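The values are calculated or read from the model by the stated rules, or taken from the named source; none is laboratory data. Since the structure is predicted, the reported quantities are computational estimates derived from the model, not experimental observations. Counting neighbours? That spans all protein chains shown, and the Cβs are built from the backbone with ideal geometry, glycine included. What goes into the accessible areas is simple: the full protein's heavy atoms, side chains included, and nothing from ligands, DNA or RNA. Shrake-Rupley method; radii C 1.70, N 1.55, O 1.52, S 1.80 Å.
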Amino acid sequence: MKKSNFRRALAYIHSYKKSAVLTAVFTAILRAITPYIYIFATAKIINLLMKNADLKSVLFVAGFAVIAQMLLSVLKYWLENLHLENQDGLNAYEKTQITKALLDIDYNRFEGTFLEQKVLQHRDELSREGGILNKYINSIENFLESALSLSVALISLVPFFKSFIIAGETGVIDSMWFGIILIVLTLVFVLLLLALKGKIAEGNVLLRNKYAKHNLIFSYYNDFVCNYKTGKEIRIFNQAPIILEQINSEMFKKGVPLQQKIADRNSWTLALDDLISAAILFAFSLLAGIKCAGGFYAVGDAVAYIACFTQVTKALSTLTGMYGNWKILSPRTELYNSILEMAKTENKQTVRCPKLLEQIQFENVNFSYEGADHLALRNFSLTIHAGEKIAVVGENGSGKTTFVKLLCGLHAPNSGQILLNDTDISSFDKTEYQNLFSVVFQDSYLFSLPLGENIAVNEKFDDNRVKTCLEQVGFTKKYGLNTVLYRDCDKCGVNISGGEAQKLTLARALYRNKPVIVLDEPTSALDPYAEFELYRQFSKLTSGKTAIYISHRLSSCRFCDKIAVFHHGELVQFGTHDELMQNESGKYYALWTAQAKYYSL
């Protein structure tokens with residue numbers, strides 16, 4: 001595990017709670033020393049009994065051990081409870097930090113699959129294996145507990161090691177060389193276990209990554225099954241067989257065998273670990289028994305030495321296991337850090353964005369999405385003056401929504417410029433620039449929150465203002481402003497139709513009250529006549545504001561000053577409705593006449 005990863009993890013833990021590491025340290029200390037009360041007290045009692053000591057002395061030692069154990073246990077359980085609370089808090093903190101980072105990352109990072117895969121992989125690993133911050137806390141605790149227990153055990157075994165230099169009379173086992181060979185073999189086996197567990201861990205990382213890909217696909221289909229919004233199509237189109245086939249393929253045919261392989265590898269490692277530990281412990285116990293029989297130390301001391309050496313094998317097993325776990329933890333830490341770093345590296349401009357909008361200009365803008373082999377916008381130039389109402393029309397895939405994303409600063413051009421009052425918008429702080437816009441996207445989303453909070457996008461809102469915005473968009477349902485939308489988070493929530501949802505997103509745009517309003521096909525769920533009436537009303541409500549209307553249905557065009565016609569990523573026509581209708585060979589004329597029956601007045 002890289003030192004930088006460890007230091008950064010400690011910094012994250014410290015930022016959550018300064019005492020978290022300290023609690024883990026004291027918990028480790030108490031866990032390490034607690035077993036030795038039994039070990040030394042038992043040895044002392046056996047020695048007293050072997051010497052025919054009076055009962056009072058035996059009871060005193062036993063009583064002291066019980067009281068000490070009781071006090072340490074109370075303190076240990078109190079610390080462990082704090083430690084468990086910290087673990088729950090760290091999991092929540094880790095999720096929150098990822099959420100904050102994702103909110104700070106530029107939108108354009110989300111258009112590709114790279115970031116999404118990272119986030120889904122982190123979410124999957126966190127749900128299956130726990131958070132990495134908890135892994136670090138547990139590693140610190142386990143390391144300190146094992147290291148301290150090992151140190152106490154080795155110090156306690158010093159008298160036993162000294163007995164090696166005194167040869168006994170029972171042969172090879174009682175000789176100095178047997179003890180030395182035993183220690184050397186122990187060290188050799190520890191090193192072999194380190195290498196083996198490290199190799200196993202590296203292989204498991206690859207297997208876990210393969211499994212994660214299958215689990216992500218499984219989660220994708222499982223989300224469809226659990227989502228009531230997709231449940232209609234699953235049943236109408238009888239999609240259950242294909243979903244079950246995908247789940248069966250990804251989890252049982254591909255995923256489960258990988259998990260079984262990981263389990264088999266870990267089982268063989270643990271079995272080998274136990275076998276070696278048992279063999280070494282047996283040899284040590286035999287040696288300790290022979291030395292005790294030879295009169296080198298008392299029976300109680302022999303019991304203590306064997307118990308201490310048991311702690312040695314336990315500690316060594318834990319430490320070698322941690323080496324393998326750290327090899328797994330390192331790539332997980334780098335994944336977590338990479339997501340957080342994306343937010344830190346975003347360009348934070350300090351040029352203040354003007355509050356007064358004069359015009360926005362696109363100058364020879366070219367743009368393509370990551371991984372695409374064609375331009376979504378090509379040599380695009382357009383000037384939008386303050387207060388203008390512009391309709392943007394064109395067929396699917398002509399670049400309309402891409403234009404909106406560039407206009408709002410969600411993407412940056414590959415080449416060319418977008419200017420606000422003759423200044424490139426890349427010079428401005430993105431938050432300030434985007435604060436100029438109220439946007440209703442074609443896939444706008446409402447949260448499972450109270451109606452009023454959805455409109456105001458805030459827990460605090462002006463009741464009368466919200467009600468006015470709802471009336472202006474024709475939302476006539478008699479829902480209270482505290483009525484929760486949908487049932488994702490509240491079983492008493494109300495499910496609203498697609499048309500109602502679009503009206504609410506329009507009300508949200510009105511409530512935001514910004515100088516530029518952009519409507520990207522916000523009325524697709526309404527019938528043409530309802531759309532026409534809504535646009536007519538909306539045109540009045542946006543008087544004095546700059547408005548951009550995008551729709552496949554051209555009813556919005558009659559209320560706009562200019563019409564921009566898109567075709568294959570290019571601006572092919574720009575002018576008023578009457579001007580464009582004079583060109584009967586133009587794209588706008590073809591689009592309008594194809595839909596004319598809906599707009600006869």
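Kindly check whether there is at least one residue in the range 241-251 that is open to solvent by less than 30 Å² (accessible area, probe 1.4 Å) and either free of Cβ contacts under 8 Å to residues at least 24 places away in the same chain or closer than 30 Å to residue 323 by Cβ (or both).
Yes - at least one qualifying residue is present in the range 241-251.
Restricting attention to the range 417-465, which residues are part of a helix (DSSP H, G or I) and within 22 Å of residue 487 (Cβ to Cβ)?
Of the residues in the range 417-465, the ones part of a helix (DSSP H, G or I) are 425-427, 430-434, 451-456, 463-465.
Across the range 417-465, the qualifying residues are 451, 452, 453, 454, 455, 456.
Can you tell me which residue among 310, 320 is touching an Asp or Glu at 6+ places or on another chain (Cβ under 8 Å) and hydroxyl-bearing (Ser, Thr, Tyr)? Write out each step before concluding.
Values: 310 fails: touching an Asp or Glu at 6+ places or on another chain (Cβ under 8 Å).
On inspection, the qualifying residue turns out to be 320.
Please enumerate the residues belonging to the range 351-367 that are in contact with a Leu (Cβ under 7 Å, 6 or more places away or on another chain), open to solvent by 20 Å² or more (accessible area, probe 1.4 Å) and modelled with pLDDT of 90 or more.
361, 363, 366
In the range 80-107, which residues are assigned to a helix (DSSP H, G or I), hydrophobic (A, V, I, L, M, F, W, C) and under 18 Å from residue 122 (Cα atoms)?
Start the filter on the range 80-107 by keeping residues that are assigned to a helix (DSSP H, G or I), which leaves 80-104.
With the extra rule that they be hydrophobic (A, V, I, L, M, F, W, C), the set shrinks to 82, 84, 90, 92, 98, 101-103.
If the condition is that a residue be assigned to a helix (DSSP H, G or I), hydrophobic (A, V, I, L, M, F, W, C) and under 18 Å from residue 122 (Cα atoms), then 90, 92, 98, 101, 102, 103 are the ones that fit.
I'd like the full set of residues that are in a helix (DSSP H, G or I) and open to solvent by 80 Å² or more (accessible area, probe 1.4 Å), limited to the range 466-515. Give the derivation first.
Taking the range 466-515 first, the residues in a helix (DSSP H, G or I) are 466-472, 498-512.
Across the range 466-515, the qualifying residues are 467, 471, 512.
From 39, 132, 29, 46, grab the single residue that is aliphatic (A, V, I, L, M), in contact with a Cys (Cβ under 9 Å, 6 or more places away or on another chain) and either within 23 Å of residue 325 (Cα to Cα) or open to solvent by less than 50 Å² (accessible area, probe 1.4 Å) (or both). Please lay out each step first, then the result.
Working: 132 fails: in contact with a Cys (Cβ under 9 Å, 6 or more places away or on another chain); 29 fails: in contact with a Cys (Cβ under 9 Å, 6 or more places away or on another chain); 46 fails: in contact with a Cys (Cβ under 9 Å, 6 or more places away or on another chain).
When all the criteria are applied, what remains is 39.
Quick check on the range 395-407. Is at least one of its residues open to solvent by less than 10 Å² (accessible area, probe 1.4 Å), touching a helix residue (DSSP H, G or I) at 6+ places or on another chain (Cβ under 7 Å) and either under 18 Å from residue 549 (Cα atoms) or touching a residue at least 12 places away in the same chain (Cβ under 8 Å) (or both)?
Among the residues of the range 395-407, not one is open to solvent by less than 10 Å² (accessible area, probe 1.4 Å), touching a helix residue (DSSP H, G or I) at 6+ places or on another chain (Cβ under 7 Å) and either under 18 Å from residue 549 (Cα atoms) or touching a residue at least 12 places away in the same chain (Cβ under 8 Å) (or both), which makes the answer no.
Just need a number here: residues in the range 563-588 that are within 20 Å of residue 385 (Cα to Cα), outside any loop (DSSP other than H, G, I, E, B) and of a type in the set (Ser, Thr, Tyr).
Of the residues in the range 563-588, 0 are within 20 Å of residue 385 (Cα to Cα), outside any loop (DSSP other than H, G, I, E, B) and of a type in the set (Ser, Thr, Tyr).
Take the conditions open to solvent by less than 50 Å² (accessible area, probe 1.4 Å) and modelled with pLDDT under 70 and apply them to residue 588. Does it pass?
On the way: open to solvent by less than 50 Å² (accessible area, probe 1.4 Å): yes; modelled with pLDDT under 70: no.
In short, no.
Counting just the residues of the range 524-547 that are charged (D, E, K, R), more than 19 Å from residue 591 (Cα to Cα) and open to solvent by 70 Å² or more (accessible area, probe 1.4 Å), which one comes out modelled with the highest pLDDT?
First, the residues of the range 524-547 that are charged (D, E, K, R): 527, 531, 533, 536, 540, 545.
Pick out the ones that are also more than 19 Å from residue 591 (Cα to Cα) and you get 533, 536, 540, 545.
Add one more test, that the residue is open to solvent by 70 Å² or more (accessible area, probe 1.4 Å), and what stays is 533, 536, 540.
Values: 533: 69, 536: 71, 540: 75.
Result: 540.
Go through the range 211-318 and tell me which helices (runs of 4 or more DSSP H), entirely inside it, have 1 or more residues that are among the hydroxyl-bearing types (Ser, Thr, Tyr). Walk me through how you get there before you give the answer.
Working: elements: 228-236, 240-247, 256-293.
So the answer is 228-236, 256-293.
How many residues, within the range 427-465, are open to solvent by 80 Å² or more (accessible area, probe 1.4 Å), under 20 Å from residue 497 (Cβ atoms) and more than 26 Å from the chain's Cα centre (by Cα)?
1
For residue 378, all conditions in the list (1) over 35 Å from the mean Cα position of the chain (by Cα); (2) open to solvent by less than 40 Å² (accessible area, probe 1.4 Å); (3) within 26 Å of residue 442 (Cβ to Cβ) hold save one; what is the number of the exception?
(2)
Pairs needed: first member in the range 436-450, farther than 26 Å from residue 397 by Cβ and polar (S, T, N, Q); second member anywhere, open to solvent by 40 Å² or more (accessible area, probe 1.4 Å) and assigned to a loop (DSSP other than H, G, I, E, B); C-beta distance under 8 Å; at least 6 residues apart or different chains.
The qualifying pairs are 448/487; 448/488; 448/489; 448/490.
Which of the residues that make up the range 563-586 are in contact (Cβ under 8 Å) with a residue 24 or more places away in the chain and more than 15 Å from residue 396 (Cα to Cα)? If you could, list the steps in order and put the result at the bottom.
Initial filter on the range 563-586 (in contact (Cβ under 8 Å) with a residue 24 or more places away in the chain): 563-571, 574.
Answer for the range 563-586, where residues must be in contact (Cβ under 8 Å) with a residue 24 or more places away in the chain and more than 15 Å from residue 396 (Cα to Cα): 563, 574.
Can you list residue pairs whose Cβ atoms sit under 7 Å apart, with the first residue in the range 548-562 being in a helix (DSSP H, G or I) and open to solvent by 10 Å² or more (accessible area, probe 1.4 Å) and the second being at pLDDT below 85 and not acidic (Asp, Glu)? Count only pairs 6 or more apart in sequence or on different chains.
That search, which allows pairs on different chains as well, returns 559/535; 559/536; 559/539.
Test residue 287 against the stated conditions and say whether it is in contact (Cβ under 8 Å) with a residue 12 or more places away in the chain and open to solvent by 30 Å² or more (accessible area, probe 1.4 Å).
Judged against the criteria, residue 287 is not a match.
State all residues of the range 312-324 that are farther than 16 Å from residue 28 by Cβ and crowded, with 19+ Cβ neighbours inside 10 Å; if no residue qualifies, say none. First the steps, then the outcome.
Initially, the range 312-324 is screened for residues farther than 16 Å from residue 28 by Cβ, giving 312-313, 316-317, 320, 323-324.
Answer for the range 312-324, where residues must be farther than 16 Å from residue 28 by Cβ and crowded, with 19+ Cβ neighbours inside 10 Å: 312, 313, 316, 317, 320, 324.
Since residue 426 meets every condition but one in (1) free of Cβ contacts under 8 Å to residues at least 40 places away in the same chain; (2) over 22 Å from residue 537 (Cα atoms), which condition does it not meet?
For residue 426, the exception is condition (1).
Name the residue that is least open to solvent (accessible area, probe 1.4 Å), counting only residues in the range 252-280 that are of a type in the set (A, V, I, L, M) and farther than 22 Å from residue 195 by Cα. It would help to see each step written out before you state the result.
Here is the first cut: in the range 252-280, the residues of a type in the set (A, V, I, L, M) are 256, 258, 262-263, 270-272, 275-276, 278-280.
Those still in the list that are farther than 22 Å from residue 195 by Cα too: 256, 258.
Values: 256: 49, 258: 28 Å².
Going through the qualifying residues, I end up with 258.
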